[in-house]
Amino acid sequence: MDDVHLFQSYFRDAPIANGLYGEAVFNYSDFDFNQRMTLGGQGGYGLTDNIEIAAGIYYKSIDFGEPGTEASLADIPVYGRYNFLSDETKFSAGAYATLPVGDEIIAEGDLDFGVFAAVRHPASEQIVLTGTLGIDFLETGIDREASLNLGTGVIYSASDRASIVSELTIQSDIDYSAFSSGLDYRFGDNLRFRAGLQLGVDDAAPDYGITGGLLLTL
């Protein structure tokens, strides 16, 4: 199930793509004091059997209620990862940086960066376990703080075409914890429909969120 992508840890994963892939994605998140909607595209390219680069371009709008809605291009995340172990169990490590092209009025415009490691292990023919551990160096406006990023998940192959992807992601410094579960359904050889629901636990996470996308592999 290497071609089944995660939802929350989309870029922080262990498999290396065999060529080019891209996804048109939509996300809506409801927070205590605002609602956020994001439209964009994300994808990656396997440069070699061991190296993948990936990036995303998004347009984000935030509804603050009575003050109104603000919208802007979001910061652009750029990721790279290297695969060290590519047998049944896969292990990769990588780094990322965000290009600060967004507007600070929607909490963008920061140069963040970090490192991470990711693993996938087949527990059975139908179940794959995933995990990621990283350190993010986040710009807070006053200084830069280090934040631990932890993710764990399960991919369940419900059929030859459909997979259920469930994840828990925790980020220490901003009190973020969220659980998500979604469907990855393959049409033909190259097209996938993806949809998921996210439930937040901590204040920095959304009360709930929905996401949908169409992923094309070339």
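Points worth noting:
- Taking the criterion of being over 19 Å from residue 149 (Cβ atoms), in contact (Cβ under 8 Å) with a residue 40 or more places away in the chain and among the hydroxyl-bearing types (Ser, Thr, Tyr), the only residue of the stretch 79-99 that qualifies is 86.
- Annotation note: Cβ proximity below 7 Å between a residue of the stretch 166-194 that is of a type in the set (Gly, Ala, Ser) and surrounded by 15 or more Cβ atoms within 10 Å (Cβ to Cβ) and a residue that is in a loop (DSSP other than H, G, I, E, B) and modelled with pLDDT of 95 or more (sequence gap 6+ or interchain) occurs for 178/8; 180/7; 180/8; 182/7.
- For the stretch 125-148, taking the residues that are of a type in the set (S, T, N, Q) and modelled with pLDDT under 95, the one that is least open to solvent (accessible area, probe 1.4 Å) is identified as 147.
- The one condition from (1) free of Cβ contacts under 8 Å to residues at least 24 places away in the same chain; (2) surrounded by 14 or more Cβ atoms within 10 Å (Cβ to Cβ); (3) at positive phi that residue 109 does not meet is (1).
- Within the option set 54, 71, being open to solvent by 20 Å² or more (accessible area, probe 1.4 Å), assigned to a strand (DSSP E or B) and small (Gly, Ala, Ser) holds for one residue only, 71.
- Matching residues in the stretch 113-124 - criterion: being buried (at least 18 other Cβ atoms within 10 Å of the Cβ) and either in contact with a helix residue (DSSP H, G or I) (Cβ under 9 Å, 6 or more places away or on another chain) or over 16 Å from residue 15 (Cβ atoms) (or both): 114
- The residue that is modelled with the highest pLDDT, counting only those in the stretch 80-98 that are polar (S, T, N, Q) and open to solvent by 30 Å² or more (accessible area, probe 1.4 Å), is 89.
- Some residue of the stretch 2-20 being under 27 Å from residue 123 (Cα atoms), modelled with pLDDT of 95 or more, open to solvent by less than 30 Å² (accessible area, probe 1.4 Å) and aromatic (Phe, Trp, Tyr): yes
- Test: residue 159 is outside any strand (DSSP E or B) and either free of Cβ contacts under 8 Å to residues at least 12 places away in the same chain or open to solvent by less than 20 Å² (accessible area, probe 1.4 Å) (or both): yes
The values are calculated or read from the model by the stated rules, or taken from the named source; none is laboratory data. Since this is a predicted model, take the numbers as computed values, not measurements. Positions of Cβ are backbone-derived with ideal geometry, glycine not excepted, and every protein chain shown enters the neighbour counts. Surface accessibility is based on the protein's heavy atoms, side chains included, excluding ligands, DNA and RNA. Shrake-Rupley method; radii C 1.70, N 1.55, O 1.52, S 1.80 Å.
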